[in-house]
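Colleague: Okay, handing you the structure first.
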Amino acid sequence: MYTLIVISHFDAAHHISGYPGVCGRVHGHRFTIELRLSGETLDKINMLIDFKEVKGMLKELFDKCLDHYDLNEMLPERENVTAEYLSKWIYEQVKGRLYQKTKVINVDSVTVFESPECGVKYEPDKVVVII
């Protein structure tokens, strides 16, 4: 089994309604995203999938509705776009895009870091908070 790892980032604002501290106010992060894909079959030039293609897919997604936006206004939830929510949302978006291209590569996990020290990793049927 091969695991391909791509790390990327975008800048955005959000707030958490009902949060009893400063995160209830609009604030921003440089969100760092770690995407893990896996598969057993390599293509004719011995790649699982080209890093450039995966990075392009993430860039397209980020540019369309994440980078330099207020996430509470852009995403379907429109409220409380937490790292937990964002990790699953990105997972679902990447999985859908990847499935249209190839059915032999799995999306294993998406980790969303709000800071270098704090993040959330989403895997199907599992959420891990990193503190």
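The values are calculated or read from the model by the stated rules, or taken from the named source; none is laboratory data. Given the structure is predicted, the values throughout are model-derived calculations rather than measurements. Every residue, glycine among them, receives a Cβ derived from its backbone with ideal geometry; neighbour counts consider all protein chains shown. Just the protein is used for accessible areas: all its heavy atoms, side chains included, with ligands, DNA and RNA removed. Shrake-Rupley method; radii C 1.70, N 1.55, O 1.52, S 1.80 Å.
Colleague: Might you let me know whether region 97-105 holds any residue that is open to solvent by 60 Å² or more (accessible area, probe 1.4 Å), out of contact with any strand residue (DSSP E or B) (no Cβ under 8 Å at 6 or more places or on another chain), of a type in the set (D, E, K, R) and not in a helix (DSSP H, G or I)?
Modeller: Yes - at least one qualifying residue is present in region 97-105.
Colleague: Right, something else. Scan region 56-87 residue by residue and report those that are assigned to a helix (DSSP H, G or I), of a type outside the set (A, V, I, L, M, F, W, C) and under 25 Å from S17 (Cβ atoms).
Modeller: Within region 56-87, K64, N72, E73, E84, Y85, S87 qualify.
Colleague: Could you give me the residue pairs with C-beta distances under 9 Å whose first residue belongs to region 93-104 and is farther than 14 Å from L35 by Cα, whose second residue is small (G, A, S) wherever it lies, and which are 6+ apart or on separate chains?
Modeller: T102/G39; V104/G39
Colleague: Is it the case that region 8-20 has a residue that's modelled with pLDDT under 95 and among the β-branched types (V, I, T)?
Modeller: For region 8-20, residues modelled with pLDDT under 95 and among the β-branched types (V, I, T): present.
Colleague: Mind counting the residues in region 1-15 that are of a type in the set (A, V, I, L, M), assigned to a strand (DSSP E or B) and open to solvent by 20 Å² or more (accessible area, probe 1.4 Å)?
Modeller: 3
Colleague: Working carefully through the options E117, E92, E123, find the one that is under 10 Å from the mean Cα position of the chain (by Cα) and open to solvent by 40 Å² or more (accessible area, probe 1.4 Å).
Modeller: Result of the check over E117, E92, E123: E92.
Colleague: Only one residue in I90, I33, I45 is part of a strand (DSSP E or B) and either touching a Leu at 6+ places or on another chain (Cβ under 9 Å) or free of Cβ contacts under 8 Å to residues at least 12 places away in the same chain (or both), so which one is that?
Modeller: Just one listed residue meets the conditions, I33.
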